[in-house]
Amino acid sequence: MSIFKKGKLLTFSISLLLFFSFLNFAGDLFPSKVDESKEIESLFNEAKADFYKGNLPSSYKNLMILKPYSNDEEYRNFMFFTLIGLGAYFDAVNFLKDNSSPEEKFLSNLLLKRDCLNLKPKFAIKENIYISKQIARKIRGITSDGESNFILDDKTCYKFDKGGKIVDSFQVMNGSEISINQKKEAVILSKDSLYIGKNKIYLPSEIEMPISFCPAPYDNYYILDGKGKVFLIDSSAKILEERQILIKNAIKIRTDFLFRIFILSKDGILYVYDASFNPLITISEKLKINDIGAITDFSVDYFGNPILLDKNNAIFIFNYSQNFLGKFYDEKFKVKSFFFDGGEFLMAVDKNGSIRKFQL
Amino acid sequence: MRRFLFLIFIIFSTALFCQIEIEEVGVISETLDKAMDLFKNYKFEKCYQEINPIVESFKKSEDQGKLQSSDEPLYKKSLELRGVSSFLLGKETEAKEDFAKIIKLDPNHNLEITSSTKITRFYDTIRDSLCGVLNISVEPEEANLVIDSKVFNHKMPIYLLEGLHIIKVELLGYDSFSKEIRISSSETLQESVKLKPNSRKVYFFIKPKGTKLIIDDKFSQSADVNSSEKIDWANFVSSYNLDPKDYYVVESLYLEAGNHKIKVTLPCFEEKVFTLPISLDLENNKPGYIKPISLSKETALLKVESHPSNAKVEIDGSLYGMTPLELKDFCSGEHSVRIYKENQGEYRGKIEIRNVKEYLLKVKLRPTVLYVGITSDQETLNYATGAFGSSLKENLQNISSFNIKNSEEQNPLLPDLFFTKGVEESEQRKMVKSLCQKYNCEGLLVARTFVQGENKIASLRLFVPDFDGFDETNSLLIDNSDPSFLINNFDKVKEEKKFVISVVQSEERGVILLCFDPSNRDLQKGDKILKVNGVSVSNESEFIKQLRGEKEKVTLTVERGLSSKDVDLKKSKIIKLFLSRDEGLRKRFLLDRQSVLSSESSEEKIVSEINLGISLIYLGDYKQALSSFEKVNLDEGNLFLSNSVKYFKVLCFVKEGNFEEAKKLLLEIASDKSNPYLGNTNEVLISPLVSDLYSRINERR
């Protein structure tokens, strides 16, 4: 016996329209706000701060309160990713469905495809370029700003144009990882320093043997060192936070758009934390049943769906709910390193200097 | 003080002046009488001397432009007396002058105080030298003749001073005639005017007595005069082999040529509506007699149902019984209805039963609200006092949310009390309470018009006893006789929320269901919609297009996993969710409270109590809200609301400072994963709200 069946929903549904205001009321339970315009601004800042801290329920509540007042892209972005963080994927897609920009449409479509419908990736080849075999053999990492590609080998960072021609290069001793920041600068982690573009910043002595890095909230970086410590540093390499993690042999650290932290251990287990390092999930069992060899590198998309490269040069894609989505393996194109833009494109290099851009 | 003295001076002066005037008129009349007596006694010299100062005084007034038209008769009489006296005293020149004066004042004046042929001829000679004569024949004879704004009898020759004159002939039902004429002294002008009819007098013969005649949607008259009263009427009715005593006459106003919508109506009798073509009889303009109309008795079976049932039914002031009610042979026509249940609300409205065998009146009892009138600022005063004010009052009667009672308070400043800045809220609250008690109403409605920037705004405020503040509805004041914008804004019934269905187009998979009522197990999020009513849909716009068809039932063919199935839905129950802020809290409260009072089934009771609880929270009455939520007894079918109800209770507990109880309930909600959404839509997730509130309580403590 449902109240819907007897058509008695009317009056109740009308009151459901009050929900936003209702949540507003919830916000006033502990009255701390005085002026409405200031309140809106401060609530949004509060929501953002909660988001960056990984306190998504609180962020959600404040964003819901703001819903009648805000509909700009920034607000929509936060709400969208908050809903993703809360596991409400369909709601996130639904939220962005109307009144959204092409970028937002792209994001919601991607989410729908990868996290709601668990669709298989296509691995359609979009571009194929070639670089020097010598560089490819010593490759440590590849990244792209959309226009140019950056490749890091043991001594140098090369900048290639779309045709594979070297347009710039600079020396980087013992570089281990390369990534791109929001300003589209190549960021490289080396044994003792962080290169932001060509600008070398020495890491503090507390960080011994840095092995992996990734972006952190507010343009900062997380650095994982060889002793199982994660450092939060700003762009001048000042340590903001230091945290000992309890993962043995952590080898890679990554973040998604929600700033959830993904740490890969040497034995192939992926640990996921929220932005305040509260443990969320561990991905391991699902990985094992898919014949994955030892994982050498990984990346995550905007929504935290992992893409893994194993020692057999195969790429595996899962989603956050641990559904296996697809695999890429080609005898003639053994992936040595890859760059994933977080969305639809993946760039992979083989040892012969062939670079392929795939659409997933 | 100076002003006061000035005012006193003005009053005294005016009084004094009036007294002098009255005394003067009295003196003139006395003198005239005295002079007349002397004249009658042949004492012409003394008469002349007596009347002379009066005439000179009038002349002086005339020269100064002070002569009033009311003075004219006395002036003419004085002149006549002096002129005739002068003539008899041999002063012909003076007599001529006085007579000429009389003729200039009134060319058609004839000497009254003497019948002497000699004097009359002398007078006529003077008149002939100054005037011409107009002989005019007018048809129809009853038409009015107006020359230079004065009414004349057209059957007599009319003297007109030499010069230009305007003649006008008028009669109701005819085109008026006007002409300029130039007349010379001693000239006789002949004129003939025949007016052209522009309408026709029409007589209706109707049975039974008292039937109302409505012409072109305007009430004309009732048929009250028996047709046997005039022989022409009786003969006409008899010519149809009908008894003139049975028929009553409506002598309608003149009807213009063309078609007219005629409606004859009487309660309990059939209504006849027809078009009457009117042609003009230009020759004779004879009145038109319309074939006798007989209305036969008309009744219907009137069924009255109410929600809740067992309500008293009062029609046209008489109690008929309790709902559900069936009244056989109920009179057709317009009736005012009141359906009420003690302490559970009422319905007031008008029904019109026509041309039906059965009339079903199905109503929901509504709260009654008192309308106390309209106020305005200086710039929009006309709107409040004019057509807008009266139209608003009239149209408020038709709103669907409430019954409206009009206040009979005599104080014209009463509406101001609810808008004037500086009036204490407690004062308003006191007034709202006392008026609502006096008129047995649940709320108070008051209107105003004002200027804001360049716009004129009309506004309605709703006050509810025991709650501070008011709901305010505004609308632009565009047409001063059209309050519909304002009323619609106030009365707006929110879109019914039934099934919430939302889809999205996925490039690879077509139309995907994103959002749906979670209690419906036939459809789930992520289902791919393949077909609507058998028609394949590959994108969102095709899906929406198919839903727009006329069929009420919609069959969705959906794919889930490897299987597909058909799901039937009623289209009227599918809507797209649209959420907005609802500002009308007091209106909401009144309607929710009404729903609780009216609820008959347990399901309805649950829904109503929850709604009322929410409304009460908004209005700040947490104890009452809590008691509303306590009354919610969820059964098997509604268990998915249990977390929502608990969450609402938590909010009340927190507001009341009962944090322990709040935490206990929050933990209960957190452990129950069966319904993840707040309310019955899948729009708002409940668990983030719960965990956030829990941590905030902890932080606060």
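The values are calculated or read from the model by the stated rules, or taken from the named source; none is laboratory data. This is a predicted model, so every value here is computed, not measured. As a convention, Cβ positions derive from the backbone with ideal geometry for all residues, glycine included, and neighbour counts pool all protein chains shown. Just so you know, the surface numbers come from the protein's heavy atoms only, side chains and all, with ligands and any DNA or RNA stripped out. Shrake-Rupley method; radii C 1.70, N 1.55, O 1.52, S 1.80 Å.
Worth a mention:
- For the stretch B:153-189, the set of residues classified as among the polar types (S, T, N, Q) and either touching a residue at least 12 places away in the same chain (Cβ under 8 Å) or in a strand (DSSP E or B) (or both) consists of B:Ser176, B:Ser178, B:Ser184, B:Ser185, B:Ser186, B:Thr188, listed by residue number.
- Test result for B:Leu255, assigned to a strand (DSSP E or B) and within 21 Å of B:Asp232 (Cβ to Cβ): yes
- The stretch A:24-45: number of residues that are at pLDDT 90 or above and buried (at least 19 other Cβ atoms within 10 Å of the Cβ): 1
Residues checked against (1) under 14 Å from B:Glu191 (Cα atoms); (2) open to solvent by less than 80 Å² (accessible area, probe 1.4 Å); (3) small (Gly, Ala, Ser); (4) at pLDDT 90 or above:
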site	(1), (2), (3), (4)
B:Thr125	no, no, no, yes
B:Cys131	no, yes, no, yes
B:Leu134	yes, yes, no, yes
B:Ser137	yes, yes, yes, yes
B:Lys150	no, no, no, no
B:Tyr159	yes, yes, no, yes
B:Gly163	no, yes, yes, no
B:Leu172	no, no, no, no
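- Some residue of the stretch B:658-681 being surrounded by fewer than 18 Cβ atoms within 10 Å (Cβ to Cβ), in a helix (DSSP H, G or I) and within 9 Å of chain A (Cβ to nearest Cβ): no
- Odd one out for B:Gln624 among (1) under 41 Å from the mean Cα position of the chain (by Cα); (2) of a type outside the set (Ser, Thr, Tyr); (3) within 8 Å of another protein chain (Cβ to nearest Cβ): (3)
- B:Leu693 vs. criteria in a helix (DSSP H, G or I), away from chain A (no Cβ under 11 Å), more than 25 Å from B:Pro465 (Cα to Cα) and more than 52 Å from the chain's Cα centre (by Cα): no
- Test for A:Ser236: is it open to solvent by less than 10 Å² (accessible area, probe 1.4 Å), in contact (Cβ under 8 Å) with a residue 24 or more places away in the chain and of a type in the set (S, T, N, Q): no
- Summed over the stretch B:175-216, the residues that are open to solvent by less than 40 Å² (accessible area, probe 1.4 Å) and of a type outside the set (S, T, N, Q) give a count of 17.
- Failed condition for B:Arg366, given (1) crowded, with 19+ Cβ neighbours inside 10 Å; (2) more than 26 Å from the chain's Cα centre (by Cα): (2)
- Enumeration of residues in the stretch B:45-83 that are in contact (Cβ under 8 Å) with a residue 40 or more places away in the chain and acidic (Asp, Glu): B:Glu45
- Contact map, the stretch A:54-80: first residue within 13 Å of chain B (Cβ to nearest Cβ), second residue acidic (Asp, Glu) and in a helix (DSSP H, G or I), Cβ cut-off under 7 Å, separation 6 or more or different chains; pairs are A:Pro57/B:Asp692; A:Ser58/A:Asp50; A:Ser58/B:Asp692; A:Ser59/A:Asp50; A:Lys61/B:Asp692; A:Asn62/A:Glu46; A:Asn62/A:Asp50.
- The combined condition, being surrounded by fewer than 20 Cβ atoms within 10 Å (Cβ to Cβ), in a helix (DSSP H, G or I) and either at pLDDT 75 or above or among the basic types (Lys, Arg) (or both), is not fulfilled by A:Ile65.
- When A:Phe298, A:Phe358, A:Phe316, A:Phe303 are checked against the criterion of being open to solvent by less than 10 Å² (accessible area, probe 1.4 Å), closer than 24 Å to A:Lys113 by Cβ, among the hydrophobic types (A, V, I, L, M, F, W, C) and part of a loop (DSSP other than H, G, I, E, B), A:Phe303 stands alone in meeting it.
Per-residue answers, yes or no, for (1) at pLDDT 90 or above; (2) part of a loop (DSSP other than H, G, I, E, B); (3) closer than 27 Å to B:Asn310 by Cα:
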{"residue": "B:Val607", "(1), (2), (3)": "no, no, yes"}
{"residue": "B:Asn611", "(1), (2), (3)": "no, no, yes"}
{"residue": "B:Ile614", "(1), (2), (3)": "no, no, no"}
{"residue": "B:Leu626", "(1), (2), (3)": "yes, no, no"}
{"residue": "B:Leu634", "(1), (2), (3)": "no, yes, yes"}
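- Whichever residue in the stretch B:563-585 is touching an Asp or Glu at 6+ places or on another chain (Cβ under 7 Å) and modelled with pLDDT of 80 or more and, among such residues, is nearest to the other protein chains (Cβ to nearest Cβ): B:Leu585
- Take the conditions (1) surrounded by 22 or more Cβ atoms within 10 Å (Cβ to Cβ); (2) out of contact with any Lys or Arg (no Cβ under 8 Å at 6 or more places or on another chain); B:Leu612 misses just one of them, which is (2).
- For the stretch B:426-438, the criterion of a residue being at pLDDT 90 or above, within 26 Å of B:Ser484 (Cβ to Cβ) and assigned by TED's automatic domain parsing to the domain that holds B:Leu462 is satisfied by no position.
Residue by residue, here is whether (1) touching a residue at least 12 places away in the same chain (Cβ under 8 Å); (2) surrounded by 16 or more Cβ atoms within 10 Å (Cβ to Cβ); (3) in contact with a strand residue (DSSP E or B) (Cβ under 8 Å, 6 or more places away or on another chain) holds:
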| residue | (1), (2), (3) |
| --- | --- |
| A:Gly141 | yes, yes, yes |
| A:Lys183 | no, no, no |
| A:Ala186 | yes, yes, yes |
| A:Leu189 | yes, yes, yes |
| A:Glu206 | yes, no, yes |
| A:Phe213 | yes, yes, yes |
| A:Phe231 | yes, yes, yes |
| A:Ile245 | yes, yes, yes |
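- Exclusive hit being modelled with pLDDT of 80 or more, closer than 22 Å to B:Gly679 by Cβ and open to solvent by 40 Å² or more (accessible area, probe 1.4 Å), set B:Arg593, B:Arg560, B:Arg588: B:Arg593
- Pairs meeting the criteria (first residue in the stretch B:420-443 and β-branched (Val, Ile, Thr), second residue part of a helix (DSSP H, G or I), beta carbons under 9 Å, at least 6 apart or on different chains) are B:Val423/B:Asp416; B:Val423/B:Leu417; B:Val432/B:Phe418.
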